[in-house]
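Take a look at the structure set out below.
The values are calculated or read from the model by the stated rules, or taken from the named source; none is laboratory data. All values derive from a computational prediction rather than experimental measurement. For neighbour counting, all protein chains shown are included, and Cβ atoms are generated from backbone atoms with ideal geometry for every residue, glycine included. All accessible areas refer to the heavy atoms of the entire protein, side chains included, with ligands and DNA or RNA removed. Shrake-Rupley method; radii C 1.70, N 1.55, O 1.52, S 1.80 Å.
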Amino acid sequence: MHYKEREWRVITRYFKFVATFSGQEDWMMQELKDGRARFGWSGPGSDLRRIKEIPSSQRTSNEKVTWRYTQFLMKRLTVGDRLVIQLKRPLRQFLIAEVTGEYGSTDPEMDDFNHYVECRLLTNDYIRVASQMVSQQLRHHLSKRGQYYEIYNSDALDNLERIEKISREGGEEFEKLKQEGNAALFASQALEEELIKKTYERISQQWPSAHFESFVKELIESMAGVEVKKAGDSGKGWDLTIKILDPFDGSDLLDDIPVQCKNYQGNVRTEKPIEDLIRCSRNSKSNYAYLFIMGDISQSFEDCFKMRMEETKQELGRDIEWRMIGQEDIAKLYLKKLNALT
């Protein structure tokens, strides 16, 4: 029996699938009911079947970004796989769907979410994350970062299979899936989110642009395995450089990594941080560069960030990897630093 369960797991795979499209949740739900699980990250002209036929060296920067972040829709997902779908932020509820067919695109009908995979909804209503029927292990594995990833944890998979079974059978247990079963947990999550929000708002106000670099320097110095090598405006695009140490012997693993620090309030409406990252890569021998940035990052900024990184790789003829540390992650690092001091 144990072998059969493991064998079944190999066949039935579950993937967290984030499809948040602000203000379009009703449309996304209708698409799911009509048999299409939508995915974004690229606009018109991004049909993966067309891009697949173009040699990698001949793809535009936009096509390279699209292929890099969405190729899993064609190359990874197969009929029978399950999608655990999040339609709203923050994560409060989810749906489960079964992949029933192939990848498709409705280009050029929409400005975004042109990609889709054929599917069948297995849950006809939202499942509450705070339901008493949702295990702590599953909650943890649904809260990881990323627009798409496979869930491997056996306890979480057991819970998902049970939720599927309850959804098929209906009745009182299915009603429990739609209700908040753990009020204390929900309140705790809401409190944590509010604390993080207040923390990054306080950081943004207390350390304006002129002093934000010093704040980031102190924050990095509080992190294990990372050291600030040189602080101060270099005139070459970075505000400081860091080195990352080997966790086993403390030797330098990566050295002279440029870091730039930007403090904005509200929506980030400028591409200056990206322009500075390009300067970092041009003026540094490091393949890596970090951006610590306060402010609300839009999807268009993220898309531009990825596209310009691909263009810079092509220009310099070497691998380039930019990492963006946003205000929520900065707040979490700061809270972790404070906890270590108490």
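Kindly evaluate Ala156 against the criterion of being within 29 Å of Pro44 (Cβ to Cβ), in contact with a strand residue (DSSP E or B) (Cβ under 9 Å, 6 or more places away or on another chain) and buried (at least 20 other Cβ atoms within 10 Å of the Cβ). When the stated conditions are applied, Ala156 does not pass them.
Each residue in region 49-92 was checked for being closer than 17 Å to Asp107 by Cα and of a type in the set (Gly, Ala, Ser), and 0 pass. Considering only residues of region 187-245 that are part of a strand (DSSP E or B) and of a type in the set (Lys, Arg), which is surrounded by the most Cβ atoms within 10 Å (Cβ to Cβ)? Across region 187-245, the extreme among qualifying residues is Lys243.
When restricted to residues that are touching a residue at least 12 places away in the same chain (Cβ under 8 Å) and over 24 Å from Gln205 (Cα atoms), region 316-342 contains 6.
Scanning region 41-63 for residues that are in contact with a Ser or Thr (Cβ under 8 Å, 6 or more places away or on another chain) and of a type in the set (A, V, I, L, M, F, W, C), we see that the one that is farthest from Asp125 (Cα to Cα) is Ile51. Of the residues making up region 1-43, those that are modelled with pLDDT under 85 and exposed (fewer than 12 other Cβ atoms within 10 Å of the Cβ) are Met1, His2, Tyr3, Lys4, Arg6, Glu7, Trp8, Val10, Ile11, Ser22, Gly23. Annotation: of all residues in region 256-276 being charged (D, E, K, R) and open to solvent by 60 Å² or more (accessible area, probe 1.4 Å), the one that is farthest from the chain's Cα centre (by Cα) is Asp256.
Note on region 64-88: residues that are in contact with a Ser or Thr (Cβ under 7 Å, 6 or more places away or on another chain), outside any helix (DSSP H, G or I) and crowded, with 19+ Cβ neighbours inside 10 Å amount to 3. Taken over region 89-113, the residue count meeting the criterion of being at pLDDT 90 or above and either open to solvent by 10 Å² or more (accessible area, probe 1.4 Å) or not aliphatic (A, V, I, L, M) (or both) is 9.
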